1. Could you line up 131, 48, 210 from fewest to most neighbouring Cβ atoms inside 10 Å?
2. Based on the Cβ-Cβ distance of residue 157 and residue 91, what FRET efficiency does E = 1/(1 + (r/R0)^6) give at R0 = 22 Å, to the nearest 0.05?
3. With 10 angstrom as the radius, rank 205, 234 by how many other C-beta atoms surround their C-beta, starting from the fewest.
4. Which shape class, rounded, prolate or oblate, goes with region 134-195 when its Cα gyration tensor gives a ≥ b ≥ c as root eigenvalues, a/c under 1.5 marks rounded, and past that a/b bigger than b/c marks prolate?
5. Can you give me the C-alpha center-to-center distance between region 199-232 and region 83-136, rounded to a whole angstrom?
6. Once you order the gyration tensor axes a ≥ b ≥ c over the Cα atoms, which shape class does region 150-238 get: rounded for a/c under 1.5, otherwise prolate or oblate by comparing a/b with b/c?
7. How would region 85-184 be classified by its alpha-carbon gyration tensor: rounded, prolate or oblate, with rounded meaning a/c under 1.5 and the a/b versus b/c comparison settling the rest?
8. Fewest first, what order do 130, 45 take by the number of other Cβ atoms within 10 Å?
């Protein structure tokens, strides 16, 4: 009984740390705005390039166009809302569509902060469905989304997974696709978010040596993680 209580307390602490990590990252990315309003308080218009792509009624292309804007630091809150509304207009039960739906919904949740918490179940549902249809779509990209979600999202917003499962998904993905830098980044993020930074060290060191393989927004996250762990314990050259 005592062991069960300890495990329950550990899960509770992990969830608290995870929520705090999400809040901190939202504050960093939004320049210190309140989490409750998050980036949604920032004005902006929809980029014409995104409108053109979305007009082709291709959810995956729309998601990719939004991700490109985010990676360049050019996206606006209007872009995220526009992409979300666009992909919801036509639904397909394909790995690409369900992955795209999970991604654009997740980006909107990231923007809205706690206000968008009600959309978290949709991120989980569509990421899970993409994995069911094709677990190796884009080298397991939906697994990366789902694993990260399970680690950082409060358990009461999820229907099927928790931080332990999320960590296992990300560890498995790194084993299957170690060549993908983003997999190492999300696994390192998970370790740090769960209050266990030591195993993140080797992944952070690898990422520092492969910094050019990351998008600009991912590089920001890498730098933040390195700061959070007090500097990556990388071996000095020669």
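Readers should treat all values here as calculations from the given coordinates under stated rules, not as data from a laboratory. Source: prediction; values computed, not measured. So basically every Cβ, Gly included, is an ideal-geometry build from the backbone, and we count neighbours across all protein chains shown.
1. Working: 131 22, 48 8, 210 14.
Lowest count first: 48, 210, 131.
2. Values: r = 22 Å, r/R0 = 1.00.
Computed FRET efficiency for residue 157 and residue 91: 0.50.
3. Values: 205 17, 234 14.
Final ranking by Cβ density, sparse to dense: 234, 205.
4. Numbers: a/c = 2.38, a/b = 1.38, b/c = 1.72.
Because a/c hits 1.5 or more and a/b fails to exceed b/c, region 134-195 counts as oblate.
5. If you average the Cα positions of each part, the centres end up 26 Å apart.
6. Details: a/c = 1.91, a/b = 1.67, b/c = 1.14.
Prolate, since a/c reaches 1.5 and a/b exceeds b/c.
7. Values: a/c = 1.79, a/b = 1.18, b/c = 1.51.
Oblate is the answer for region 85-184, as a/c is 1.5 or above yet b/c matches or exceeds a/b.
8. Working: 130 29, 45 10.
Listed from fewest to most nearby Cβ atoms, that is 45, 130.
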